[in-house]
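Colleague: Please see the structure below; I have some questions.
No value in this document is a laboratory result; all are computed from the given coordinates. Here the structure is a predicted model, which means the values were calculated and not measured. Using ideal geometry, Cβ is built from the backbone for each residue, glycine included, and neighbour counts are taken over all protein chains shown.
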Amino acid sequence: MTKLRNAALFTLALGLPSAAWAQTPVTKSQTVRGTATIEAIDSTTRYVTLRTKDGEQQRFKAPADMARFNELKVGDTIQFTYIESIVVRLAKPGDPDIPTATTGDVALTRGNGPRPGATLGDQRTAMVTVKAIDAAVPSITVLTDDGRTVTYKIEQAKNLEGFKAGDKLAVTYTEALLVSVAPAK
């Protein structure tokens, strides 16, 4: 949930006009796409070494339950798409459209095509309560759903306009990762 709370307050820092939050949900999303080539595979330890187009190398350990591990080959290209989105809404008492808090479970869908692939997805919703706003810093202090008080510095004081102590924010954070393997050229 720390990532969820940080993402919610990060949205405030991005310069989204807070006055709009009272009327409609604010949605912010980001998509990152990339590719890497398999440089080495250690079938005993299940480590795969990948190299990006800019030469960076990373090692990853394939989980034991990756059934199609033996189909990976040196030279194959791993393609991935990472999507992250956040929806922040001012939660008014009794509003039936505000989701209840959820912790989210990661959903895994394995690809059944001719090459290995998978989709992972996770969605969590949390409520935070604004405890204080300090326009001089500028910062916002919130009470998290697990009872912690956290203060975040905000980039621009104008992003705090329209918020007051006691406001409840419903935050829904979604992540998805799509991975596919293309054969070596």
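Colleague: Using modelled amide H (1.01 Å from N, peptide plane; none on Pro or chain starts), what sits under 5 Å from the amide H of Ile154, excluding residues fewer than 5 places away?
Modeller: Amide H neighbours of Ile154: Ser139, Ile140.
Colleague: Over the Cα atoms of the range 2-182, each weighted equally, I'd like the Debye log10 I(q)/I(0) at q = 0.11 Å⁻¹, rounded to two decimals.
Modeller: At q = 0.11 Å⁻¹ the computed log10 ratios are -0.63.
Colleague: Only counting other Cβ atoms within 10 Å, I'd like Leu177, Leu120 sorted with the fewest neighbours first.
Modeller: Leu120, Leu177
Colleague: If each residue's Cβ is checked for other Cβ atoms within 10 Å, how do Ile41, Ile86, Ile140 rank with the fewest at the top?
Modeller: Ile41, Ile86, Ile140
Colleague: With viscosity set to 0.692 mPa s and temperature to 37 °C, compute the Stokes-Einstein D of the range 59-150, Rh being the Kirkwood radius across alpha carbon pairs; µm²/s, no decimals.
Modeller: Working: Rh = 17.8 Å.
Answer, rounded: 185 µm²/s.
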